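The values are calculated or read from the model by the stated rules, or taken from the named source; none is laboratory data. Only a predicted model underlies this, so the values are computations on that prediction, with no experimental measurement involved. Neighbour counts are summed over all protein chains in view; Cβ atoms, including those assigned to glycine, are modelled from backbone coordinates with ideal geometry. When the accessible area is computed, the model is the full protein with side chains, heavy atoms only, and any ligands, DNA or RNA have been set aside. Shrake-Rupley method; radii C 1.70, N 1.55, O 1.52, S 1.80 Å.
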Amino acid sequence: MSEEMLVRHCSPTLAGIKTGNMFTCSFVDNIEMRNCIRCWNRMFVKKGLGVLPPRFQKQRALV
């Protein structure tokens, strides 16, 4: 998941306009998805934010 994709989909939430966003993102496999989510959460935890993948199916994750 690129920074551009995160900003494009989550900017209303990051600006405080919405309480949350959901979008799908493609990943090679489950391991890549988990590593990416961990990386983002390490950066966001300081700001009280988090990224959660409630569903992963066919190389796509709902984030």
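Of everything in region 15-33, what is in contact (Cβ under 8 Å) with a residue 12 or more places away in the chain and not hydroxyl-bearing (Ser, Thr, Tyr)? Give them in sequence order. Of everything in region 15-33, those that are in contact (Cβ under 8 Å) with a residue 12 or more places away in the chain and not hydroxyl-bearing (Ser, Thr, Tyr) turn out to be 21, 22, 23, 25, 27, 28, 29, 30, 33.
In this entry, residue 7 passes the filter for residues that are loosely packed, with under 12 Cβ neighbours inside 10 Å and at pLDDT below 85.
In region 19-45, the qualifying residues are those that are among the aliphatic types (A, V, I, L, M) and open to solvent by less than 60 Å² (accessible area, probe 1.4 Å), and the one that is farthest from residue 59 (Cα to Cα) is 37. Of the numbered criteria (1) more than 11 Å from the chain's Cα centre (by Cα); (2) open to solvent by less than 50 Å² (accessible area, probe 1.4 Å), the one residue 16 fails is (2).
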